[in-house]
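As structure tokens, the structure follows; a few thoughts come after it.
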Amino acid sequence: MTSASLTLSARGVAGTQRFLAYAITIAALFALPLASHADGPVVAGMSQLLLGAALLAGIGLLIGFGVQGGRLLDLMLLAVSGVTAILLLRFVAAYPGTVKGGFWALVVALWLSSWLFVERLSAWDVTDRAAKRAIGLAIPLLFGVWVLVLWELLVTGFGVPKILLPAPSDIGLRFASSIPTLWADFRQTFLKAVLIGYAIGCGAGFVTAILVDKVDFLRRGLLPIGNLVSALPIIGIAPIMVMWFGFDWPSKAAVVIIMTFFPMLVNTVTGLASADRIQHDLMRTYAANYWQTLVKMRLPMALPFIFNALKINSTLALIGAIVAEFFGTPIVGMGFRISTEVGRLNVDMVWAEIAVAALAGSAFYGLVTLLERVFTFWHPSVRG
Amino acid sequence: MLNEQGPQKARSVIDIRGLSLTFETNDGPVHALSNVDLDIREGEFVSFIGPSGCGKTTLLRVIADLEKPTGGEITVNGVTPEEARLARAYGYVFQSSALYPWRTIADNVALPLEIMGLSASERKERIARNLDLVNLGGFERKYPWQLSGGMQQRASIARALAVEPHLLLMDEPFGALDEIVRDHLNEQLLKLWAKTDKTVVFVTHSIPEAVFLSTKIVVLFPRPGRIYDVIESDLPRDRTLDIRETPEFLKIAHRVREGLRAGHSYEDS
Ligand SMILES: Nc1ncnc2c1ncn2[C@@H]1O[C@H](COP(=O)(O)OP(=O)(O)OP(=O)(O)O)[C@@H](O)[C@H]1O
Ligand SMILES: [Mg+2]
């Protein structure tokens, strides 16, 4: 694209976007004098910061005055924001805890420019499905990056002690240097306790639900007991399971089984009851037997409920396994690591474990959601 | 059954004597059917018509063994309704299409065939034939929620026909459709019936529909539900929609309307 297409137009930019553009400009302009009048010896990197401020102010003015640059201008906005973010990160790393007002004005300008970019990006009119999907992915990704950048800038800029909150870069370094430990913990807690407990708990809940549904006295007897068990506090169960099943992962898997069993049981029982009269009548007119009715009608009808339980349980299982490790464990596991590293004030290691848990938990939940979309594509909530 | 001796009379498919059905509800008993006598013979097209709540659906459900009578006798194909149901003697079309959203149209039609344990090739052949019959050829791979209400109802009719029953029970199958679509489906249904010699029991609220389709119209009376009038139609078996303008048609329609009026005024008094 050439500069010829960067034509002036008063109507070009929508209201909020124009407001954002002016706000960037003003915030960036504030950064200029404050940064240049910083006291003390001439600070290295200051000129670079000035450059960032000038760039942001410039692009803010361009957009504010309604220059129509289309996607090229939007991408320039992204590039300028990215460059400024890198300059700010380098600057704050060199002067932790001593940055001044101009720096924060520039952080505000950066925040506004990212916001403006996302606004403009979501207004992009694309028809290609792949491009749509890419934009749909880019927005949460940008948001995540922005949260990390802001976290880094705030924590380092204000000189927050590491004990309270380490910067993402510290956590990242710690993560990279402890991968063997993190992997061993992940294997112990997630691949063994969580996955095995989840599979057994959900499977048992499902099978019990089918029994409960078929045999009436079980419904009256088992449902209240299941309810009771699910109400037991995990900090009470976990030590008991350790006594029963030993220190290693089986006792943690047992805690996970207890936590995941009941949500699966209740949801499946509800799902199996969700077919209405006309659907039962239909199977009756075909003289379908119990199993045919179950497999061809009632289980598919129950699938949305079952997936609901699978999603709830994916989160419960991880929490259960990690917390259960607080009550006796061999010297490996995510919960074990968190409790011991907190004692040693190695907070960045705790955060690295939290990052592993967050990643694993989201991936697990995402996978279940993906399967849900595949299997209940026909449900009004999915096909929409 | 004296008149059954004559060779010209067809076999009795549904024989109902003194049938009663009382629902026990929290507000006391509801007499849905009281002392109903009805004889439906092979090849007949019988319509039930009457004010809302007079027991049309209940009577059809008793025939289908979806409801147990509390008094009287009923046989379907000479056996109890339960035995007839277990022998898959009838196809039932519900008021709503009741298609399964996770199955394609073809797979919905295949559902009863799977339950009956038919081979894959037999299923395939029947699916194609019956979808063609209701003009849904080409929609096999669509899901029910991708089709209009009229198409869904046609698919549910194809599903009932695929069982290849001699007896077809239909509860207001076209109730939710517009006039034009309804006329079209009525014509198709009539053609199918004339071609295959099936026995059809059909519930409707529409007088023209009842008269156009039926060889016998049963007018029901509410509270308690019972038969007020049985009108034998002498219209020719192969009819077109034009027949609705003829004096014979209007005469029968008039008699049906009189019956319905009586039922309504009875209800008001
Ligand atoms: N399961 C049931 N329990 C209690 N009462 C019922 C039940 N089914 C039907 N009834 C009652 O029986 C009577 C006849 O109902 P039915 O559904 O057969 O009427 P209908 O003639 O089909 O009416 P519509 O034309 O509105 O469909 C009504 O009074 C209804 O309230
Ligand atoms: Mg009805």
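Here, each number is a calculation from the coordinates, and none is a lab measurement. Remember, it's a predicted structure, so these values are computed and weren't measured experimentally. FYI the Cβ positions are ideal-geometry reconstructions off the backbone, even for glycines, and counts take in every protein chain you see.
Here are some notes:
- Note on A:279-291: average number of Cβ atoms from other chains within 10 Å of each residue's Cβ is 6.
- Net charge of Cβ neighbours under 14 Å - reference A:Arg174; Lys, Arg +1; Asp, Glu -1: -2
- Average beta-carbon neighbours from other chains, 10 Å sphere, peptide A:341-350: 0
- Within chain A, the selection of entire DSSP H helices by a Cα span of 24 Å or greater along the long axis and an average Kyte-Doolittle value of at least 0.5 returns A:15-36, A:46-64, A:70-94, A:101-122, A:129-157, A:195-214, A:249-272, A:299-324, A:347-375.
- Averaged over the residues of A:307-320, the number of partner chain Cβ atoms lying within 10 Å of the residue Cβ comes to 0.
- Mean Kyte hydropathy of 1.0 or more with a Cα span along the axis of at least 15 Å, helices from DSSP in chain B: B:105-116
- Proxy reagent accessibility, fewest Cβ within 10 Å first, across A:Ile139, A:Ile225: A:Ile225, A:Ile139
- Summed side-chain charge close to B:Arg257 - residues other than B:Arg257 whose Cβ falls under 12 Å, Lys, Arg +1, Asp, Glu -1: +1
- Order by protection proxy (mean Cβ within 10 Å, highest first), peptides B:210-220, B:77-87: B:210-220, B:77-87
- Gyration tensor verdict on segment A:66-185 (Cα atoms; rounded if a/c is under 1.5, prolate if a/b is larger than b/c, oblate otherwise): oblate
- Shape category assigned to segment A:175-383 from the gyration tensor of Cα positions, a/c cut at 1.5: prolate
- Global form of chain A, assessed from the alpha-carbon gyration tensor, a/c cut-off 1.5: oblate
- Here the relative contact order of chain B, from alpha carbon pairs under 8 Å that lie six or more residues apart, stands at 24 percent.
- Among residues other than B:Phe202 with Cβ under 9 Å from its Cβ, the summed charge is -3 (Lys and Arg +1, Asp and Glu -1).
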